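Since the structure comes first, as structure tokens, the remarks are kept for the end.
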Amino acid sequence: MFKINEELAKDLIEKRRDLHRNPELAFEEFNTTEHLKKWLGEHGIPILPFGLETGIIAEVRGEHEGPTIAIRSDIDALPIKEETDVPFRSEIDGKMHACGHDFHAVSILGAAILLNEQKDLLHGTVRFIFQPAEEVAQGAKYLVDKGVLNDVKAVFGMHNKPDLPVGTIGVKSNGLMASVDKFEITFNGIGGHAGIPSSTIDPIIMASQYVTNVQSIIARRIDLFHNAVISITSINGGNTWNVIPDKVVLQGTVRTFQQEARETISSYMKKLAQTTAEGHGGAVDFQWDSYLPVVNNSEEYEEVVREAIKEAGYEVVNAVPNAGGEDFAYYLNYIPGFFVWMGVDGPKEWHHPEFDLNEEAIKVAAEYFATLAVKVLKNA
Ligand code: NI
């Protein structure tokens with residue numbers, strides 16, 4: 001149905017390299033935004049007036065009546081010094097597109113160009129979301145608050161996947177990327193002489209017991225068919241050998257693929273912290289930071305996603321879930337949708353200073369999204 005011709009493929013690769021040379025961090029994507037605005041303008045694709053500082057919302061309106069769906073890309077880079085040998089390597093010291101968001105942006109630009117040329121195939125409208133600030137998990141929320149998803153029926157997206165070959169797309173319903181939560185737990189006691197512990201309330205004892213006992217929440221409170229990890233990554237308390245400190249601070253993260261497990265864990269972690277502290281006559285300050293929800297793909301769209309991949313001439317593979325977070329999750333909390341892994345045959349994983357990808361995947365991604373949009377709107 002859609003084919004990116006050689007000329008457009010070359011052009012999109014050049015555009016990706018432009019973005020790659022000029023990486024910008026979260027909420028600072030001013031040049032990236034200007035570039036995308038210009039490129040969309042060159043193809044006569046209208047930009048919607050959402051009043052965004054960075055990021056762009058564009059729209060291709062079909063010739064036939066129908067609902068609106070959205071296709072999203074992120075556009076921000078990372079504070080990483082690039083260590084690849086590519087000729088278009090980052091020209092900004094200490095910043096790099098090390099997660100391939102430059103690739104995501106030009107891929108959906110490609111889909112917009114394809115659909116704009118064949119509006120007769122569209123039974124509705126496709127909104128293209130070029131989202132800022134994914135790496136700090138704030139961009140999606142910012143756009144939802146701006147009303148970008150109002151009246152949008154479903155949202156679709158992707159992340160590049162270095163371990164999948166170009167031409168393959170990973171598909172899985174329900175949990176694809178984990179929820180990410182942060183916690184900080186302060187056990188408060190009474191400090192004092194290490195030789196006279198009976199006159200203290202020792203927070204090191206509380207913290208030690210908590211570190212080992214907290215894993216029993218995974219073993220005994222989480223359903224056998226669910227999965228989660230609790231990682232305590234920092235313990236701070238005391239500064240010498242002969243004084244019992246008055247507090248110990250623990251930090252860490254919880255990852256899971258099920259909302260139910262997420263709620264169970266936070267509630268039991270809090271209970272256990274309270275009872276541990278109280279059992280020793282101390283007190284606890286339990287801080288839970290709900291950072292990112294699960295990327296929870298809607299089963300209702302799995303079939304059309306699979307069909308679109310095949311129709312575009314590519315291969316469906318089963319997606320392996322990933323414990324990293326992705327703020328596309330916010331959109332899926334709001335409306336249904338589907339997020340896929342796009343094979344890019346990269347030498348290194350995300351956020352690595354030698355991260356790179358095979359640019360042939362731009363064509364695959366653009367053709368997939370254009371085909372998907374037509375099919376989803378036809379079914380709607
Ligand atoms: Ni990323």
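The values are calculated or read from the model by the stated rules, or taken from the named source; none is laboratory data. What you see is a predicted model, and the numbers here were worked out from it, not measured in a lab. Note that each Cβ is placed from the backbone with ideal geometry, even for glycine, and that neighbours are counted across all protein chains shown. Heavy atoms of the whole protein, side chains included, go into the accessibility calculation; ligands, DNA and RNA do not. Shrake-Rupley method; radii C 1.70, N 1.55, O 1.52, S 1.80 Å.
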Using only the alpha-carbon atoms, what does the chain span along each of its principal axes? Please give whole angstrom values in decreasing order. 81, 44, 38
Rounded to whole Hz and in sequence order, give me ³J(HN,Hα) for the stretch 342-348 from the Karplus expression 6.51 cos²θ - 1.76 cosθ + 1.60, θ = phi - 60°, writing x for Gly and Pro. 9, x, 10, 6, x, x, 9
Skipping prolines and chain starts, which residues have an amide H placed within reach, meaning under 5 Å, of the one on GLY324, given they are 5 or more residues away or on another chain? ALA178
Whole number please: convex hull volume per residue, Cα atoms of the stretch 179-292, in Å³. 84 Å³
Could you pull out every residue, at least 5 positions away or on a different chain, whose amide H is within less than 5 Å of the one on GLU134? Hs are placed 1.01 Å off N in the peptide plane, and Pro or chain starts have none. ILE75, ASP76, GLY139
Multiplying the sequence separation of LYS10 and ARG89 by 0.36 nm and subtracting their Cα-Cα distance, what value in nm do you get? 26.7 nm
Mind putting together the pair-distance distribution for the stretch 308-347? All Cα pairs, 5 Å bins, whole percent per bin, short to long. 5, 14, 23, 23, 19, 13, 2
In a GNM of the chain with a 10 Å cut-off on Cα contacts, which of PRO245, PRO67, PRO321 has the highest mean-square fluctuation? PRO245
Structure-based [θ]222 nm, the chain - -39500 (n - 2.57) summed over DSSP H runs of at least 4, per residue, nearest 500: -10500 deg cm²/dmol
Put a dot 7 Å past each Cα toward the Cβ at GLU303 and MET1; how far apart are the dots in nm? 1.6 nm
Could you give the size of the charge dipole of the chain about its Cα centre, using +1 on the Cβ of each K and R and -1 on the Cβ of each D and E, expressed in debye and rounded to the nearest 20? 840 debye
For ASN297, enumerate residues with amide H under 5 Å from its amide H, sequence gap 5+ or separate chain, H modeled in the peptide plane. ASN174, GLY175, LEU176
Where both residues lie in the chain, what percent of DSSP beta bridges are antiparallel, nearest 5? 65 percent
Please give the FRET efficiency for VAL229 paired with GLU278, using the beta carbon to beta carbon distance and R0 = 41 Å, rounded to the nearest 0.05. 0.95
With every protein chain present, what is the per residue accessible area of the chain (1.4 Å probe, Å²)? 43 Å²
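Got a number for carbon plus sulfur as a percent of the stretch 311-380's accessible area, 1.4 Å probe? Mind showing how you got there, number by number?
Numbers: 1100 of 2490 Å².
After summing per-atom areas, the C and S share lands at 44 percent.
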Of LYS95/LYS182; LYS153/LYS375; LYS172/LYS378; LYS95/LYS348; LYS172/LYS375, which pairs sit farther than 20 Å apart, going by alpha carbon to alpha carbon? LYS95/LYS182; LYS172/LYS378
Starting from the stretch 1-100, pick out the GluC sites (Glu not before Pro) whose DSSP state is loop and whose Cβ has at most 14 other Cβ atoms within 10 Å. GLU53, GLU63, GLU83, GLU91
So what are the ³J(HN,Hα) numbers for the stretch 234-246, from phi and the Karplus equation (6.51, -1.76, 1.60; θ = phi - 60°), rounded to whole Hz, Gly and Pro as x? 7, 10, 10, x, x, 9, 7, 8, 10, 10, 7, x, 8
Distance cut-off 20 Å, Cα to Cα: go down the list LYS3/LYS363; LYS119/LYS141; LYS15/LYS146; LYS37/LYS81 and report the pairs above it. LYS119/LYS141; LYS15/LYS146; LYS37/LYS81
Using a probe of 1.4 angstrom, how much of the accessible area of the stretch 179-292 is carbon and sulfur, in percent? 51 percent
In whole Hz, the Karplus estimates of ³J(HN,Hα) for the stretch 222-227 (6.51, -1.76, 1.60; θ = phi - 60°; x where Gly or Pro) are 9, 3, 3, 8, 9, 9
Over all directions, the stretch 145-215 yields a Cα convex hull whose mean projected area in nm² is 10.9 nm²
Using alpha-carbon positions, what is the distance between the centroids of the stretch 8-37 and the stretch 244-283, in Å? 43 Å
